[in-house]
1. Translational diffusion coefficient, Stokes-Einstein: compute it for segment 374-487 using the Kirkwood radius over C-alpha pairs as Rh, at 37 °C and 0.692 mPa s, and state it as an integer in µm² s⁻¹.
2. So in segment 190-302, what percent of DSSP beta bridges are antiparallel if you round to the nearest 5?
3. Show me the ranking of peptides 224-233, 332-341, 403-412, 206-215 by mean Cβ neighbours inside 10 Å, starting with the highest.
4. Once you wrap a convex hull around the alpha carbon atoms of segment 281-339, what is its projected area averaged over all directions, in nm²?
5. How large is ³J(HN,Hα), in whole Hz, for each residue of segment 191-207 in order, when computed from phi with the Karplus curve 6.51 cos²θ - 1.76 cosθ + 1.60 and θ = phi - 60°, using x for Gly and Pro?
6. In whole angstrom, how long is each semi-axis of the equivalent ellipsoid of segment 319-553, when you take the square root of 5 times every eigenvalue of its Cα gyration tensor and sort them from largest down?
7. For a 28 Å ceiling on Cα separation, which of these pairs sit above it: K177/K480; K169/K223; K452/K497?
8. Quick check on the exposure proxy: order T499, T530 from fewest to most C-beta atoms within 10 angstrom.
Amino acid sequence: MREIIKEKIFGIIIDKNDVVLNSFGYDKNFTKIDFDENLKLKNYLKREIMMIIESGLKRARINKKKLVYSGICIENEGLNENVNLFIEFFLDYTIIIFERNEEISNEGTDNNVKKLFKYAVDELKKANTRLERIAYYDELTGISNIYYLKELINSSINKKEEFTLMQIKIERLNIIKEILDRKHLRELIKDFSNLLKNTLKEDEVISKIDDENFIIFTHQINKDDIELKCESIKNIFKFPISNNDLEVNLNVKISIVSYPKNGQYDDELIKNLEIGIMNGINKKETLTFFKEEMKEKVKEKIYIENALIKALEKKALFMNYQPQIDLLSSKIVSCESLLRWNNEGVLISPNKFIPVAEEIGYIAILGDWVINTVFEQASKWFRQGLIHDFISFNVSPSQFYLQNIVGIIENALNVNRLDGNKVCVEITEGLSILNEDKAIRNLKKLKDLGVKIAIDDFGIGYSSFNYIKKFPIDIVKIDKSFIDGITKNNEDYNIVKATIDMCNNSNIKIIAEGIEEMAQHQKLVSMGCTHGQGYYYSKPLNIYEYENFYQQNKNKTISFEIF
Ligand code: C2E
Ligand code: MG
Ligand code: MG
């Protein structure tokens, strides 16, 4: 070995096969690392190594440990007291650094150092497999972790290679966590990562970022190829994963960034992936290609998150009520309560803030408030004779899993001395995110309380008709998108007609949503539809407007055509 033995801090860099790539020492003032110029080491690697050594030593000193493996400090009794050993693992190489205490004598140093190198390499060999795994691999799934991914990104950037990163996020894992115990959750995540792993091509790498986020590194840069790959990932999760006798339906969101287009370094690329994911959350599409302008939208979302938490306190939330009409008599028979948020004078749509509330776990508090407010109003209106059948309220699928929804509804019925059949809960197909067992059990309990159950936005999901078979449904609300088409195309007409016929034959009440025109109203009547809701009759109204509208409508014997 060379002169470095006289230096206080010195080390070697070895490759995967323990071949020494270079050795180095600090200069006398410990300010400059002096590499052995006889051994070839690429310059960029030298710069990187210098930074690593600095930060590695700092970490080791802070932890006051003798032995440090890639940031993990380990006590090692067998090590010479006067020497500290630091080992850092990287993708293609390992750095071993020795720090001698002042007291070590220079006499016989040559031999001492040789012994130390041997010791370090032996130690390394023992620890290598285990530590490399800790440093670079996820313990649960066995796939690589974020540190490995960053190494890979940086090594590709250094080689001036183009590449694409795809982040895959499991949607609503917070709800799944409520249902599965730790053991089964771990199994589910393992199954999920195995399914993703199976989609990889030879030079692609998958990394686990946390329980719900995974990133695939690929050299594919063609947009069509990427889309095809995403489609194949999406397809895997069309089928439920079996777990602990449960069938868990997982949905994913995928975000894409490419280098060099969407970022110049590892953290920037990873951050932009997350921005893509955040942007995609409220959307129906699974796939989001990152765009610069998304940064602004994410800022807005973070603003909504913060403002929403204060909204209840500030009394900025209130309910509107939209009349539901018996199409034959044109009388108001029921109404749907719809949540409104007046944020500093600006009305924010529930389509915007409900998904945010779900994501940040605020939906339980909001949902609780909605139920109590609506039931109190319902109780008043029934006493005043302002409602004929029922008031309906919307619940998000997650409320069925995060809350004791049955207890909350039962309590609100009792407090307001309201019969269960005076309220109707509107659910959507999202309810089957997990095995529906729990949801069905809860719905049955609600039914035992007399509560009516409506399926909202009927027709837009994959398996609407299955829902009617599985769930104890009283009312089907046909989604506005079909009503828009009934006077224009056969396809929508046929779907709506089939739904109406099926419901009429199964004793299920049907409400057409989003009726805006007289022609739609007339068509629906001719198709046998019994109930409707939409701007054609009335927009959602505040309490005062609703009461007026109800009184006016009550005294009319003629139909809505004149409104
Ligand atoms: P939804 O339950 O399907 O409610 C119907 C939506 O259609 C309402 O939008 C209503 O204002 C709108 N609408 C009704 N008739 C017409 C029409 O003729 N034309 C048009 N263009 N729109 C019409 P809104 O109030 O913005 O609510 C949107 C969604 O937000 C609701 O869809 C529901 O999913 C959710 N939401 C509203 N309130 C609550 C709530 O209290 N809790 C929960 N979890 N979700 C709620
Ligand atoms: Mg609804
Ligand atoms: Mg709807």
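1. Numbers: Rh = 14.8 Å.
For the chosen part, D equals 221 µm²/s.
2. 75 percent
3. On the way: 224-233: 15.4, 332-341: 22.1, 403-412: 17.6, 206-215: 20.6.
Answer by packing, highest mean first, reads 332-341, 206-215, 403-412, 224-233.
4. 7.1 nm²
5. Those phi angles translate into 4, 4, 5, 5, 4, 5, 4, 5, 8, 6, 8, 3, 9, 9, 10, 10, 10 Hz.
6. Details: eigenvalues 131, 97, 65 Å².
One finds semi-axes of 26, 22, 18 Å for segment 319-553.
7. Values: K177/K480 34 Å; K169/K223 20 Å; K452/K497 23 Å.
Correct reply: K177/K480.
8. The fewest-first ordering by Cβ neighbours comes to T530, T499.
Throughout, read-outs are computed from the coordinates displayed, never taken from laboratory work. Worth saying up front: this structure is predicted, and the values here are computed from it rather than measured. Don't worry about glycine lacking a Cβ; one is built from the backbone with ideal geometry, like all the others, and counts go over all protein chains shown.
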